[in-house]
Amino acid sequence: VAIEEFPDGRVLVADKQFYASRQLDAALLVVLGIPSADQTGFDLIVSVKARAEGVSGVAGRLLRGRIEKEMTAGLMTYLNWIRDSMKL
């Protein structure tokens, strides 16, 4: 995990392989937190890139929905953790 805080209050977080399973080879999560104008909250811009070379063909099409559901749940858990850890 790499975290960079900028003088203007923005925070950049990069996390490699935040979720791994039999179906997922590698992943990268990049999050940019931008404080609101009144400094009472922040907006998050999130980008996720994942590679799943082992999921192809008929099996890949069948598993795709399950993988997307698990990825979404994992991402929500991660974002909630970020939110909770930034509370003062």
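Nothing in this text is a laboratory measurement; each read-out follows from the coordinates by a stated rule. If you're wondering where the values come from, they're calculated on a predicted model, not measured in any experiment. Because the Cβ atoms are built from the backbone with ideal geometry, glycine has one as well, and the counts that use them run over all protein chains shown.
Each of Ser36 and Lys16 was given a label point 7 Å from its Cα along the Cα-to-Cβ line. The distance between the two points is 3.6 nm. Note on Arg83 and Ser47: their simple-model spin labels are 2.3 nm apart, each label 7 Å out from Cα toward Cβ. Note on Val58 and Glu5: the extension gain reaches 14.6 nm, defined as 0.36 nm multiplied by sequence separation minus the Cα-Cα distance.
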